[in-house]
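Report on one structure; see the data block that follows.
The values are calculated or read from the model by the stated rules, or taken from the named source; none is laboratory data. The model shown is predicted, which means the values in this text are computed figures rather than measured ones. Here the Cβ positions follow ideal geometry from the backbone for every residue, glycine too, while neighbour counts run over all protein chains shown. Only protein heavy atoms, including side chains, enter the accessible area calculation; ligands, DNA and RNA are left aside. Shrake-Rupley method; radii C 1.70, N 1.55, O 1.52, S 1.80 Å.
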Amino acid sequence: MFIDYHTHHARCGHAVGELEEYVKKGIEIGLAQIGLSDHMPLLHVDPATYLPEMAMPMEELPRYVEECLALKEKYKGQIDVRVGLEGDYIEGCEEQIERIVKAYPWDYVIGSVHFLGEWDITDFRQTAGWEGKNKLAVYEQYYDAVMKAAATGFYDYIGHIDVIKRFGFKPDEDVTHLENAALEAVKKHGLAIELNASGLRTPVKEMFPSRRMLDYAYELGIPLTIGSDAHQPERLGQYLEEARAALKEVGYTQLATFNCRKIMLIDF
Ligand SMILES: [Zn+2]
Ligand SMILES: [Zn+2]
């Protein structure tokens, strides 16, 4: 069974294509389920003065959910549309995040750390943020945020759990203990993770997470789903064949799917 649980669309400003184009593409490439998971609106920085094209404006959120639900209905029988949100974890914004998580009938909410303070470590326009920083300290701050995200109870799974490596900035020191602690927090709080194949098209040229982390996730018994993180309809399902092959090598035989925030494992 083929699924893709991580997708974006034009509303966020840095993706192209309407939601329906992704759904139609999903049918075309034979997906049984497509998860729509656009970015949560910005909460802790002012969209008017921050860099443009980061996420949908807050007033779009209800329309996004309505459109997702309409597509779920419209394409019933052809593809299973799951309504999701890539919810940022931002320390200090827990109340606002919780309000959004509770306000809509999500099938799933991804917990992703993009921001360390006002710095979006996943934004190619902001790589200068690394200049003059102690890389190990940045990694520590990042994984600390991931562990806090896991503990909130807001999310169903952690997105691209080692995305901090995205632009190839890595400390000289070993960070295995940080990665393992993050996975142990995921396990402790009963969450899943995703294998996000989009890492292959970023400077680090490696999926999120690494093979080593996948092995440890498997050892811990952490459920896992997969996603392309497509920001263009053509990229839906991209590298997911490689992702599934990697998972089979690790030992995974099932993938996590989400319906009304309940996890269900399916064979793949
Ligand atoms: Zn995005
Ligand atoms: Zn993300």
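Couple of notes before you dig in:
- Three principal axis lengths of segment 104-145 [C-alpha, angstrom, descending]: 43, 23, 13
- Here the extension length gained between Glu118 and His177 equals 18.7 nm, from 0.36 nm per residue of separation less the Cα-Cα distance.
- Formal net charge of residues neighbouring Gly159 (Cβ-Cβ distance under 9 Å; K, R +1; D, E -1): -3
- Cut-off under 5 Å, modelled amide H: who pairs with Ile158 long-range: Gly111, Ala192, Ile193, Glu194
- If the chain linking Ser210 and Arg261 were pulled fully straight, counting 0.36 nm for each residue of separation and taking away their Cα-Cα distance, it would gain 15.7 nm.
- Each of Gly153, Val83, Ala181 was placed along the dipole of segment 3-267 (beta-carbon charges, centred on the mean Cα), and the one lying farthest toward the positive end is Val83.
- In the chain, the DSSP beta bridges split such that about 30 percent are antiparallel, to the nearest 5.
- Whole-number D in µm² s⁻¹ for segment 164-268, Kirkwood Cα-pair radius fed into Stokes-Einstein, 37 °C, 0.692 mPa s: 226 µm²/s
- Taking the convex hull of Cα positions in segment 1-96, its mean projected area over all directions (nm²): 6.6 nm²
- Accessible area of Asp38 in the full protein assembly, 1.4 Å probe (Å², nearest 10): 0 Å²
- Each peptide in 7-16, 104-113 gets a packing score, the mean of other Cβ atoms within 10 Å over its residues, and the list from highest to lowest is 104-113, 7-16.
- Calculated [222 nm] ellipticity per residue, helices only, for the chain: -10000 deg cm²/dmol; basis is -39500 (n - 2.57) per DSSP H run with n ≥ 4, divided by all residues, nearest 500.
- Column: log10 I(q)/I(0), Debye, Cα scatterers of the chain, q = 0.12, 0.15 Å⁻¹: -0.67, -1.10
- Under 5 Å from the amide H of Ile263 lies no amide H of any residue 5 or more positions distant or on a separate chain, with H modelled from the backbone and absent for Pro and chain starts.
- Heavy-atom accessible area ranking, 1.4 Å probe, most first, across Arg63, Arg125: Arg63, Arg125
- Extension gain (nm, one decimal) between Lys74 and Ala32, 0.36 nm per residue minus Cα-Cα: 13.6 nm
- Most mobile listed residue (Gly17, Gly129, Gly190) in the chain, GNM with C-alpha springs under 10 Å: Gly129
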